[in-house]
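Colleague: Please find one structure pasted underneath; my questions will follow.
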Amino acid sequence: MARPHGRRAPEREPRRPPLPSVGEGGQDSKARVFLHAGRARPLWFGHPWVYANAIDRVEGDCGPGDVVSLCDHDGRLIGRGFYNPRSQIPVRLCTRADEPVHAGFLRARIQRAHALRARLGLPSAATSIYRLVNSEGDDLPGLVVDVFGDAAVVQLTTLGLAQRRAAIFDAVETVLAPKTIYEASPAGYAELEGFEAASRVARGASRATVAGVEDGIHLEIEPLSGQKTGMFIDQRETRIRVGQLARGARVLDCYAYAGGFGLQAARGGAAAVTAVDSSARAVARIEAHAARNGATINAVEADAFRFLETATPRSFDLIVIDPPKFARARKDLEAARKGYERLNALALSAAAPGAILVTCSCSQNVDADTFERIVAAGAKQAGRPLQIIERRGPASDHPMPPGFTEGQYLKVLIAYVY
Ligand code: SAH
């Protein structure tokens, strides 16, 4: 990025330094990062992030991606983590002990994550799709590993872990022995952190699609051309819940993606299922999934707002709305609030008396209380009072450190509408 001072740049000098290539390792440095007085408390209690403005000074040599020790103002060791001075979060902790962070450490962390999933009964005969590693929640900030049957999809979002890709793939091979390891590291984070994004088969058999099963429902996933790692695993337990609430209901699944909610509802005895998504690809996927699982789903390619605006009022008994995030940044908050309020009002107008509304928000910037107030405002706008019957979050294979509010993105409210 910055050119050496006092020298004129040679003509063809690249604008940025070369990015670290695959497998190039960050060092486990001796450097220590000291916090300002009064800034250590959340970190002592389990928060994994150090914001730039909390840092007093760095002692010792360390480069981007290296592991550093984090100390409070008095020099007491809080833990160790990955360093990236280019980020607004220059240190992300991965351990609370004074221990080296090397390939063996990464393998042990992934084994620990695997043990938690085993404790949760994952995988099982009914479910082969689950999250093996959930970033900060498994003390590996910047690493997500999703498992789809005999394939694993690795998503890297921090420089420190991107530099240790090879060791991560080795560890995933040791723990799971998957037929294919994909890497799906999104460009946005890679650009922010300073490494090369990737969407590729990293190890093993090259396949465009892989098969998996979620609570007995057969799904096909495209790890490299779908969204995120190919599927929204975080909603699994809520999809199962929807299946339990669907008997006899006329069901509407808005923002359906792979059709997971609608498929559960169909199996749960729904009278009819309509699934709406604005993507033609999603609609084709839903149709294929319905056929594969012997379900009847009316898949409609439409904008969810437009669909709801023209839907027959009071014609659905169970409505799911699971939109993409409306608030990407704080500045989007007001527009997002209006969007969620209108969407919920429209959904409530389409709800029959005695219907159940399952309404979701995955905007990290909209907290749970705010979301509940927005839904209440939507109910007021539609003139349809509701009772909250459940508050839910991501499935249990998405653990989080205590007090890490930045990680609490997914909110789900289930309400009874009269
Ligand atoms: N409910 C899904 C996940 C939804 S992801 C599940 O359980 O797996 C969000 C989906 O919303 C994506 O499939 C995207 O194509 C769709 N989408 C985005 N904007 C939309 C819009 N305006 N109208 C309808 N669908 C939209």
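Colleague: Out of (1) free of Cβ contacts under 8 Å to residues at least 24 places away in the same chain; (2) surrounded by fewer than 20 Cβ atoms within 10 Å (Cβ to Cβ), what's the single condition that is false for Arg80?
Modeller: Tallying (1) free of Cβ contacts under 8 Å to residues at least 24 places away in the same chain; (2) surrounded by fewer than 20 Cβ atoms within 10 Å (Cβ to Cβ), Arg80 fails exactly one: (2).
Colleague: Take the conditions farther than 22 Å from Val147 by Cβ and not polar (S, T, N, Q) and apply them to Arg239. Does it pass?
Modeller: In short, no.
Colleague: Cβ contacts < 7 Å: first residue under 9 Å from Ser315 (Cα atoms), restricted to region 339-359; second residue modelled with pLDDT of 95 or more and aromatic (Phe, Trp, Tyr), any location; separation 6+ or different chain. Result?
Modeller: Here the result reads Ala350/Phe316; Ala351/Phe316; Ala352/Phe316, each pair linking region 339-359 to a residue that is modelled with pLDDT of 95 or more and aromatic (Phe, Trp, Tyr).
Colleague: Based on this model, can you work out whether Asp332 counts as within 16 Å of the ligand (Cβ to nearest atom), surrounded by 15 or more Cβ atoms within 10 Å (Cβ to Cβ) and charged (D, E, K, R)?
Modeller: When the stated conditions are applied, Asp332 passes them.
Colleague: Another question, if that's okay. Scanning for something within 23 Å of Ala177 (Cα to Cα), touching a residue at least 24 places away in the same chain (Cβ under 8 Å), outside any loop (DSSP other than H, G, I, E, B) and among the hydroxyl-bearing types (Ser, Thr, Tyr), does region 124-131 turn up at least one residue?
Modeller: Yes; the residues of region 124-131 include at least one that is within 23 Å of Ala177 (Cα to Cα), touching a residue at least 24 places away in the same chain (Cβ under 8 Å), outside any loop (DSSP other than H, G, I, E, B) and among the hydroxyl-bearing types (Ser, Thr, Tyr).
Colleague: State which residue pairs qualify: first residue surrounded by fewer than 20 Cβ atoms within 10 Å (Cβ to Cβ) and inside region 64-76, second residue small (Gly, Ala, Ser) in any location, beta carbons under 6 Å apart, and separation of 6 or more residues or different chains.
Modeller: Pairs that qualify, where the first residue is surrounded by fewer than 20 Cβ atoms within 10 Å (Cβ to Cβ) and the partner is small (Gly, Ala, Ser), are Asp72/Ala40; His73/Ala37.
Colleague: Further question on the same structure: Quick one: in region 224-256, of everything that is basic (Lys, Arg) and within 20 Å of Ala295 (Cα to Cα), which residue is nearest to the ligand (Cβ to nearest atom)?
Modeller: Arg239
Colleague: Has region 39-54 got at least one residue that is in contact with an Asp or Glu (Cβ under 7 Å, 6 or more places away or on another chain), in contact (Cβ under 8 Å) with a residue 40 or more places away in the chain and either farther than 24 Å from Gln163 by Cβ or assigned to a loop (DSSP other than H, G, I, E, B) (or both)?
Modeller: yes
Colleague: Now for a separate question. Please work out which residue is nearest to Val50 (Cα to Cα), limiting yourself to region 368-418 and to residues that are surrounded by fewer than 15 Cβ atoms within 10 Å (Cβ to Cβ) and of a type in the set (S, T, N, Q).
Modeller: Only one residue fits best here, namely Thr405.
Colleague: Now for a different question. Please enumerate the residues belonging to region 84-110 that are of a type in the set (A, V, I, L, M), more than 25 Å from Gly188 (Cβ to Cβ) and touching a residue at least 40 places away in the same chain (Cβ under 8 Å).
Modeller: The answer is Val101, Ala103.
Colleague: Here is a follow-up. Could you check region 307-324 and list, in sequence order, the residues that are without any contact (Cβ under 8 Å) to a residue 60 or more places away in the chain and more than 8 Å from the ligand (Cβ to nearest atom)?
Modeller: Hits for region 307-324 are Leu308, Glu309, Thr310, Ala311, Thr312, Pro313, Arg314.
The values are calculated or read from the model by the stated rules, or taken from the named source; none is laboratory data. In this text, all values refer to a predicted model and were calculated from it rather than measured experimentally. With ideal geometry, Cβ positions are generated from the backbone for all residues, glycine too; neighbour counts draw on all protein chains shown.
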